[in-house]
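The values are calculated or read from the model by the stated rules, or taken from the named source; none is laboratory data. These figures come from a predicted structure and were not determined experimentally. Counting neighbours? That spans all protein chains shown, and the Cβs are built from the backbone with ideal geometry, glycine included. These accessible areas exclude ligands, DNA and RNA; they are computed on the full protein's heavy atoms, side chains included. Shrake-Rupley method; radii C 1.70, N 1.55, O 1.52, S 1.80 Å.
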Amino acid sequence: MEINSKYNPSEVEDKWYAYWQEHKCFHSEPDEKEPYTIVIPPPNVTGILHMGHVLNNTLNDVLIRKARMDGKNACWVPGTDHASIATESKVVAKLKGMGISKEDITREEFLKYAWEWKEEHGGIILKQLRKLGASCDWDRTRFTMDPELSQAVINTFVYFYKKGWIYRGVRMVNWDPEGHTAVSDDEVIHKDTKSHFYHMRYFISDGHGNPTDKYIVIATTRPETIMADAAICVNPNDERHHWMRGKKVLIPLINKEIPIIEDDYVEMDFGTGCLKVTPAHDAHDYEIGLRHNLPVLDIIDDHGRLNEKAQILIGEDRFVAREKIVKMLQDAGNMEKVEDYTSPVGYSERTNAVIEPRLSVQWFLKMGELAPRALASVEDGFIKFIPDKYRNTYRHWMENARDWCISRQLWWGQRIPAYYLPDGQIVVESSFEKALKAAQAIDPAIKPENLRQDEDVLDTWFSSWLWPISVFDPDMPGQPDHEPNADLKYYYPTSDLVTGPDIIFFWVARMIMAGNEFMNDVPFRNVYFTGIVRDKIGRKMSKTLGNSPDPLELIAKYGADAVRLGMLLCSSAGNDILYDESMIEQGRNFCGKIWNSFRLIKGWSVDESAPTPEHSAVAVKWFGQKLSQTICIVEDHYSKFRINDALMATYKLFWDDFCSWYLELVKPAYGAAMDKATYDATTGFFEALIKMVHPIMPFITEELWQSLEPRKDGETIMYAPTPKAGAFDEKFLADFDIAREAVASVRAIRKQKNIPMKSALELKVKGEFPEEMASAVKKLAGVSSVEKAQDADAQGVPFIIGTTEFFVPLAGFVNVEEELAKLEADLDYQKKFLEGVRRKLANESFMAHAPEKVVAVERKKEADALSRIESLTSQINSLKNN
RNA sequence: GGGAGAUUAGCUCAGUUGGUUUAGAGCGUCUGCCUUACAAGCAGAGGGUCGGGGGUUCGACUCCCUCAUCUCCCACCA
């Protein structure tokens, strides 16, 4: 059989992915086996794959493939999220390019465009995931706006409304003037922003709307809102301002009279101690307004422009208006001074627009009962967070959770099922027909055309919080009487969730709430939080910085397996990933290593009658045990979600133990055949190894597993059972390590003395040495004999392992002074070490307090140091006598 | 401003209830090798007073206090 000398991933990957799909290898149906379930964190339906997805989905795939090989019924449900704000803004942008404004078309027309956009761009990301090797059950692909899933969202809304947990409220919300919607507090990012602090003069009114010559100075960062001022507020304890109690002031430029009021909220030592109260455009001012019964005047429209109520600068954008009004105030003599000022300003997470606090009517879901229960799920250990530190973050948020603003002023999403009667009464029902009936129960005269549905849609998270339930049985959420279908019964709760810590509140917490409410059980057992993928110097990846590589290009260049390994190498749970392409090169190199070891093995011919050489027998015995030992370690790592530790242990087992030691030991002389026993053991080991690697690198392992021996059509390594650990003897493994050390020492001597492997050396041993290992040392160190040394022939280049002395007789090669210096340095170190240990043993307090075990360890250290010193002294003497 | 976490080799990180750790790994670095599986490789080597200071303890990378630096989360000082 001809094997390419180099591994060619692109050839192999598409072939096996198609094979897996053709044979339905990813598909799961409920059966009698233990389920292992993951639901994908749904990416934006029109998004494209970035490095964060690569990390997340690689981890998911490793877990799911591992579970599958462990014999579980593994099901990974894929899907996408409709991402209302992001998608709608893309569609708006597209329409703009076509010369169409959203305002000019109907909701239905807009949605038609949106669905077209979704059909065109939707699901690209799922195709890209296939390139990565993701073993999702594509037959189960879901979209948060699939009709059934949308209905689940509507049912949920109706359910909570009827339960009295959803209410409509006038609230100061975070208005995104670009997205034209309210966004939740969590979607606002506060950034310190440079601006100015404007000190303005408000003149005291004479009582008839005319200015007197007295004025007060008010500092603000937002002079464009002065027209909406409802009062000037000072602290009641601020004596500086008592003189103007009961007076009124005039708003500059428009000369509107407003009262001076007093409230504790105002800090005396901030700014001028005077606050302009603008209830419509600041959340705190709104609160003050409520306390003092101030009128609310909203002068900014949906787009962030001043409206006619502003009286001046009508139609101007708020920032343009700010510049203009500053000029006007200066011209009018109202501007006292302008200072540079940096203050936190809220930005929309989605559009990066400056958030405008704005009063509006929104729908809210009460957190009062949902949050404490969801908190308990984690606190009581029903859900485990990895790493654990996120429990703190979670607790803090859950204890302070505010009601969830679930309405969004958008069209793309699930429309709120609230219907208004002409008299303003509201009915909430899961369909128009039901709503009509309910409305007619109130007023039999109501006709369909009298009923008006709420214009807003629901927050996207209000659909994705149902995800672990609705992907299996969309009839479940919001319908407590519904009998869960077979899928839901079998797959829920899911096993593990892999996601980023940035959506712990948006998504993770809310899924827990929904799970508790509708399933009376948590939605998953473990949440593994990945880090955020950053570039090599720690910057977040972003399009503008251009530091975000295209995963598909990386896959094309290095292969999917290499990309997967590379991502995992630099990721431990919860730590940010400092991505560097060299990690992926390492993945590629590992593929090369695996590939070449296979070529080596496959290149051997077998001689049925050949006896097994001693060194091969030792090698087989050793690697079998080493494999078992490592399997235990790897399994332990997986059980603790220490994926990169599991990976590293596997990596070293393959590269160091198998390739560098085992294969070198059993490798026959060039052209010579190998005995059958060793050959069979070797292929067996190789198969076990690639099975261990498979969850991490699915493609190359499938290719080699299929090449290892003839397989039936439809057979796959995906369902090959994870290798099981056999017994292993620690002492035997330790003995082999002594042999390794001896080999390394001889090789080092060869290098120092420039002696090629071809010239055989002898090795003399003084002290204990496991006889069984002699053949291995001979083969790998190029040593012709390993013999017990008598005192007389204890000479040559020395080294010590443990307490055993070794000599490589090399007449003429020994540099006595050099060797002596090394030995004496070591001796010196050992003496000091011994001194330290003895000091400890002489310490009465230590002897009295330390447990026996620890004392025994110290005694052993003492003994070891003593015999090491003895060996060193002996070697020094031998050298001196030469 | 509040909270959480971090600081161990050049880089990225392990170090699991304080004592078999006389601090480890991978990558990188250095040296020598194109040795018929692999130069995307092989062999070998060097590299850290565990951020600073103090404390608890027989014993501290590990626990406590403090300082410094960094990261993240939450938070409206007009």
Report, ordered by chain and residue number, the lysines lying within cross-link reach of A:LYS384, taken as a straight Cα distance under 19 Å and ignoring same-chain residues fewer than 8 apart. A:LYS640
Can you give me the convex hull volume of the Cα atoms of region A:227-369, divided per residue and expressed in Å³? 165
Region A:399-461, Rg to Rh (Cα coordinates; Rh as Kirkwood inverse mean 1/r): 1.08
Pairs over 18 Å Cα to Cα, from A:LYS72/A:LYS489; A:LYS162/A:LYS366; A:LYS676/A:LYS724; A:LYS6/A:LYS557, come to A:LYS676/A:LYS724
Lysines with Cα under 21 Å of A:LYS753, excluding same-chain neighbours fewer than 8 positions away: A:LYS764, A:LYS778, A:LYS779, A:LYS822, A:LYS880
Per residue accessible area of region A:646-732, 1.4 Å probe, in Å²: 38
For A:LYS96, go through the lysines and keep the ones whose alpha-carbon is under 16 Å away, minus same-chain ones fewer than eight residues off. A:LYS112
I'd like to know how region A:131-174 sits against the 2.2 N^0.38 Å rule of thumb: what's its Cα Rg over that expected value? 1.86
Which three semi-axes in whole Å describe the equivalent ellipsoid of region A:643-692, each the square root of 5 times a Cα gyration tensor eigenvalue, listed largest first? 25, 12, 6
How large is the Rg to Rh ratio of region A:742-824 when both quantities use alpha carbon positions and Rh follows Kirkwood? 0.93
If packing is taken as the average count of other Cβ atoms within 10 Å, what order do A:652-658, A:669-675 fall into, highest mean first? A:652-658, A:669-675
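When only C-alpha pairs under 8 Å and at least 6 residues apart count, what is the relative contact order of chain A, in percent?
Value for chain A: 12 percent.
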How far is the Cα center of region A:293-348 from the Cα center of region A:570-625, in Å? 68
Square roots of five times the Cα gyration tensor eigenvalues for region A:566-645, Å: 35, 20, 8
Helix-only CD estimate at 222 nm, as mean residue ellipticity for chain A, using -39500 (n - 2.57) per DSSP H run (n ≥ 4): -13500 deg cm²/dmol
What dipole magnitude, in Debye to the nearest 20, does region A:577-684 give about its Cα centre under +1 on Lys/Arg Cβ and -1 on Asp/Glu Cβ? 80
With only alpha-carbon atoms counted, please give the Rg and Dmax of chain A, in Å. 37.2, 122
Please compute, for the alpha-carbon atoms of region A:1-53, the extent along each of the three principal axes and give them in descending order in Å. 42, 36, 17
Which percent of the accessible area of chain A is formed by carbon and sulfur heavy atoms (probe 1.4 angstrom)? 51
How many angstrom lie between the C-alpha centres of region A:1-79 and region A:421-436? 45
Binned at 5 Å starting from 0, the alpha-carbon pair-distance distribution of region A:755-794 in whole percents comes out as 6, 24, 30, 21, 15, 5
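Give me Rg/Rg_expected for region A:227-274, where Rg uses Cα atoms only and Rg_expected = 2.2 N^0.38 Å with N residues.
Rg over 2.2 N^0.38 Å, computed on Cα atoms: 1.13.
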Are there GluC sites (Glu not before Pro) in region A:428-525 that DSSP puts in a loop and that have at most 14 other Cβ atoms within 10 Å, and which ones? A:GLU455
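Suppose we look only past 15 Å in the calculated P(r) of region A:672-770. What percent of the Cα-Cα pairs does that tail hold?
75
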In vacuo Debye scattering of region A:1-99, one point per C-alpha: log10 I(q)/I(0) at q = 0.14, 0.15, 0.16, 0.20 Å⁻¹? -0.78, -0.84, -0.91, -1.11
Going by alpha carbons, how many degrees (0 to 90, nearest 10) lie between the helix axis of A:147-163 and the longest principal axis of chain A? 60
Which order do A:ASP285, A:ASP475 take by accessible area at a 1.4 Å probe, largest first? A:ASP475, A:ASP285
Using a 1.4 angstrom probe, figure out how much accessible area region A:266-380 has per residue, in square angstrom, rounded to the nearest whole. 48
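So with the 1.4 Å probe, I'd like the accessible area per residue for region A:60-214, rounded to whole Å².
Details: 6400 Å² over 155 residues.
Per-residue accessible area for region A:60-214 comes out at 41 Å².
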Percent of Cα-Cα pairs more than 18 Å apart in region A:601-698, please. 47
C-alpha long axis of helix A:9-22 to longest principal axis of chain A, angle in °: 70
In degrees, nearest 10, the alpha-carbon axis of helix A:283-292 is tilted away from the dominant principal axis of the alpha carbons of chain A by 40
Highest mean packing first, using Cβ neighbours within 10 angstrom, the peptides A:119-129, A:690-700 sort as A:690-700, A:119-129
Mean Cβ neighbour count within 10 Å, used as a protection proxy, ranking A:814-820, A:322-328 highest first: A:322-328, A:814-820
